[in-house]
Each structure stands twice: as C-alpha cells, then as structure tokens.
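**Q** First, the structure itself, so that you have it in front of you.
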Amino acid sequence: MKRLSLLYVFSLIAMLTACTEDYNVDVAAPQGWDQEETPDIIFQSAPSAAINLAAVSAETVQVCNFDVPVNSENASAIDYKIVLTAGDGAVKYTYDLTDQGFMQVDDLQKTIEQLYSKRPEQRDLTALVRAYISLGDESILAQSNAFTLQVTPVAPLIETGYYLIGDFCGWNSDTMPAFEHSGKDVYEDPYFSLTLTLENTNQYWKIIPQSNVDGGDVWADGVLGVVVDGSTAPTGSLTNENPQAGKIETPGTYKITLNMMDYTYEIKEVVPLYYMVGAIQGWSDSNMDFMLYPQSTSVFSYTGYFDGGRNFKFWMQLDFGNWANALGGLMDGQTDLSGALVADGGAICTPDEGLYTVTINVGNMTYEQTAV
C-alpha cells in the first residue's frame, strides 16, 4: 500500500493555513470526531472488484484499497472507517476498516439487506474511507474520494414448502395446512400463500419449513415466527432466531402470504365465497353456478325459485366437492324457516314451491329462508 510522507501532510496543512489567517487545526481525538465535519486531507481510494458474498468464506472481505496520506511510522494511531450509503444518502452506515481495506462480511450483508432487500441481486453502494490519524498531540481527519462498491448479498434460505401450525389445528403437525406455491424455482418466485378459515378467537400460529417435516421433527431448528410473542400485526418480519407465535384475534377467513426472499408475512381478511348445492344444480360437485351473495364477511344470501326438488346444502369455495364439509341442517329434509348449520349436515328444504331468499350466517352458524 502506498503511503505519503509526513512532510507532505504538514505541507498541505501549511498551505491551508496560508489561505486564511483564521484557519487552524483544532480537532478532537479520533474516537470522538464528528463524521460530518470537513476532513483536513483528501486521499485517493478505489473499490475492489465486484463482490459476491455467497462466494466469500472468510469473516472479512476486501472492499477497497487506498493511499494513506501519512506515514504510519510517524502516527501514534490510525483508525480507519468506511461509510456506506445508497440512493439519496439519507441513511449512512459506518463500520471499522483495516489498513488493507477489509471489513466484516456480516456488516456488508446487513447493510445491503437494510438498504435494499435480501434478494441476491448486485447492488450499488456509495462508499468513502475516513482515517482518524493521531500525530502526537494533534489529530487529523483524512477522507477519501467517494466510490461505488458493487455487492451481491447472500441469498436467504428458501425451502420448497412451508406449513402453518397453531391453535386452529391443536398444534398438531398431522393436520397443519400447507402453503401453496407456483412450483417455480423458489428464488424466482419466493411467495407462498394459504387461505384459512378460523372459527375461534385469538388463534396463535408459527410456520414449519419442509425440511423439518422431512426430518421427522417439526420443532427442529428452522421454525419461523415473529419477534414479539402474541403480535397481531397484519404485516411484519419472520425470524428463525427464538421465533415467537403470532396471533389472529378475530374469527374469519384469512389469506396469509409469505415473501421468503425478504422473510416477511402479510395477513389479510378475505370474504369467502359460498355456493348452493342441491336439486337446483343436480347435486353436482362441480357446478358452481349458484353462488350466494356476500352481505358481509359472514352473511351470505341467495334468492331463487325452488320447485320440484327443493332441498339444498352449502359449500364454501375452498371446500367445494368435499361432502364432509358441506353445511346443512340438523336433520335431513327439514323445512324449518330458520335453524342451525352444521358441517356434514342434512339437506334443508323450502316449505313450499316458490321464490325464496335463503340466508346463511357462518359467524353464528345459522340459516334463514324467507318466502318472497
């Protein structure tokens, strides 16, 4: 590494002093220096070649090289820092740097993730080097020119599948639902989604990766959760370091989406779709022509003319074709104008032939039918 002489440093200071009678070098110790102050000396620095952190096995990586504007033999101490920023430069990160231009890999990875994301794409960072130089009783701040550092972060671990476990399935791995995925390469499509209907309040949840299922221990390392136990936030970050359980407070149907490139989640309540199945559509497990009109997230209705066979049940869209989940009455063929809804229940009948509005409330699991 090139080093300029101490004489050169003091010559620069003398030149600056000659320009104005008021100028003098009055600086604090390097450790307490305000990094936004104008440096005394500018020196040259250049970035290393583009860095792919996935190919770095050491704890440190060389990010630049520079010519130090002082002979280190004449300095009692030199403290090097690198300042990293991107975009408008509003957020800056300062890290320790060796005299050979090496910094910690973890710091570089963390900076890329916070300024951009975890996506393994080459990113540009604006960088400069600061040298806090102690020369006996005097201290000098030297700063390099700004340069562009190109870095590709290490891609996060994305597994081929994920499962949701929690109160809604009794924390039982045999009945936990799986997230759906497009089947593409997970780094091309890192999104996993699951639509889930919850019937009870305050349902806690965590996420189980496919490798834990394949390994026969769902609670092995790798379980994902939130940072704060019981968090009800609809969006947030996922962590596998001491993961805590998230919570959905209100019954309803929810779509949960994972972005495993950024290790984030989003929970949205959705209005489910319900369909009538019965004589009106030939008791078909594929005919979805008779959809109920959603009046809220839990109340749905259908108005139509019933003649001949007047019996029917109801299927939620996700359960369509699964007779065990078809909603019906307590008894088969009952003609009561109102009553309870149960899964795998009996067929409900209008009392007479005619035009009826049939309304179901999946919040309290009841139905009503009204002659129009």
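The values are calculated or read from the model by the stated rules, or taken from the named source; none is laboratory data. Just so it is clear, the structure is predicted and the values come from calculations on it, not from any experiment. No Cβ is skipped: glycine too gets one built from the backbone with ideal geometry, and neighbour counts run over all protein chains shown. Areas reflect the complete protein model, heavy atoms only, side chains present, ligands, DNA and RNA absent. Shrake-Rupley method; radii C 1.70, N 1.55, O 1.52, S 1.80 Å.
**Q** Using +1 on the beta carbon of Lys and Arg, -1 on that of Asp and Glu, and nothing else charged, what's the dipole of the chain about the Cα centre, debye to 20? If you can, show how the numbers build up before the last one.
**A** Numbers: 16 positive and 48 negative charges, 95 e Å.
Dipole size: approximately 460 debye.
**Q** List, in the order given, every pair from Lys92/Lys184; Lys255/Lys313; Lys184/Lys247; Lys118/Lys206; Lys184/Lys313 whose Cα-Cα distance in the structure shown is over 27 Å.
**A** Details: Lys92/Lys184 36 Å; Lys255/Lys313 25 Å; Lys184/Lys247 30 Å; Lys118/Lys206 22 Å; Lys184/Lys313 38 Å.
Over 27 Å apart, Cα to Cα: Lys92/Lys184; Lys184/Lys247; Lys184/Lys313.
**Q** Now for a separate question. Please compute the per residue accessible area over the chain with all protein chains in place, 1.4 Å probe, rounded to a whole number of Å².
**A** The answer is 51 Å² per residue.
**Q** A follow-up question, please. Out of residues 5 or more away from Thr253 or on other chains, whose amide H comes under 5 Å of its own, with H placed 1.01 Å from N in the peptide plane?
**A** Long-range HN contacts for Thr253: Leu198, Val270.
**Q** With point charges of +1 on the Cβ of Lys and Arg and -1 on the Cβ of Asp and Glu, referenced to the Cα centre of the chain, which listed residue (Cys64, Gln203, Thr253) lies farthest in the positive direction of the dipole?
**A** Thr253
**Q** In square nanometres and to one decimal, what's the mean projected area of the convex hull around the Cα atoms of segment 215-312? Mind dumping the intermediate values first?
**A** Details: hull surface 39.3 nm².
Mean projected area of the Cα convex hull: 9.8 nm².
**Q** Cα axis of helix 6-19 to longest principal axis of the chain: angle in degrees, 0 to 90, nearest 10?
**A** 90
**Q** Compute a Gaussian network model of the chain, connecting alpha carbons closer than 10 Å, and tell me which residue from Val154, Val342, Val105 fluctuates the most.
**A** Val342
**Q** Give me the percent relative contact order of the chain, please, defined on Cα pairs under 8 angstrom at least 6 residues apart.
**A** After rounding, I find 10 percent.
**Q** With +1 on each Lys and Arg Cβ and -1 on each Asp and Glu Cβ, how big is the dipole of segment 183-340 about its Cα centre, in debye rounded to the nearest 20?
**A** 440
**Q** Let me ask something else. Please state the charge dipole magnitude for segment 185-244, taken about the Cα centre, from unit charges on C-beta atoms (+1 on K and R, -1 on D and E), reported in debye and rounded to the nearest 20.
**A** Roughly 260 debye, rounded to the nearest 20.
**Q** Given the options Ser173, Ser286, Ser134, which has the most mean-square fluctuation in a GNM of the chain, springs set between C-alpha atoms less than 10 angstrom apart?
**A** The residue with the greatest mean-square fluctuation here is Ser286.
**Q** Using only Cα atoms, find the angle between the long axis of helix 105-115 and the longest principal axis of the chain, and express it within 0 to 90 degrees, rounded to the nearest 10.
**A** The answer is roughly 60 degrees.
**Q** Give the Rg (one decimal place) followed by the Dmax (whole number) of segment 120-178, computed from C-alpha coordinates and expressed in Å.
**A** Values for segment 120-178 (Cα only, Rg and Dmax): 25.4, 72 Å.
**Q** If you don't mind, there's one more thing I want to ask. Assuming a ≥ b ≥ c are the square roots of the Cα gyration tensor eigenvalues, decide whether segment 108-233 counts as rounded (a/c under 1.5), prolate (otherwise, with a/b larger than b/c) or oblate.
**A** Judged from the Cα gyration tensor, segment 108-233 comes out prolate (a/c at least 1.5, a/b above b/c).
**Q** Also, quick follow-up: Counting only protein heavy atoms, what percent of the accessible surface of the chain is carbon or sulfur at a 1.4 Å probe?
**A** 47
**Q** Within the chain, what's the longest run with no chymotrypsin sites (Phe, Trp or Tyr not before Pro) in a DSSP loop and at most 13 other beta-carbon atoms within 10 Å? Give the range, please.
**A** The segment 24-186 is the longest one with no such site.
**Q** What is segment 44-171's relative contact order, in percent, from Cα pairs under 8 angstrom and six or more apart in sequence?
**A** Details: 229 pairs, mean separation 40.1, N = 128.
It comes to 31 percent, rounded to a whole number.
**Q** Hey, can you grab everything whose amide H is under 5 Å from the amide H of Ala326? Only 5+ residues off in sequence or another chain; H modelled, so Pro and N-termini drop out.
**A** Asp344
**Q** Quote the relative contact order of segment 94-143 in percent (integer), defining contacts as alpha-carbon pairs under 8 Å separated by 6+ residues.
**A** 19
**Q** Using a Debye calculation, one point per C-alpha and no hydration shell, please list log10 I(q)/I(0) for the chain at q = 0.06, 0.09, 0.14 Å⁻¹ in order.
**A** For the chain at q = 0.06, 0.09, 0.14 Å⁻¹, log10 I(q)/I(0) is -0.45, -0.71, -1.11.
**Q** Among Tyr356, Gly339, Ser193, whose Cα lies farthest out toward the positive end of the dipole of the chain, if unit charges sit on the beta carbon of Lys, Arg (+1) and Asp, Glu (-1)?
**A** Result: Tyr356.
**Q** Moving to a separate point now. Picking from Val91, Ala279, Tyr367, whose Cα lies most toward the positive end of the charge dipole for the chain (charges on Cβ: Lys, Arg +1; Asp, Glu -1)?
**A** Final value for the positive-end residue is Ala279.
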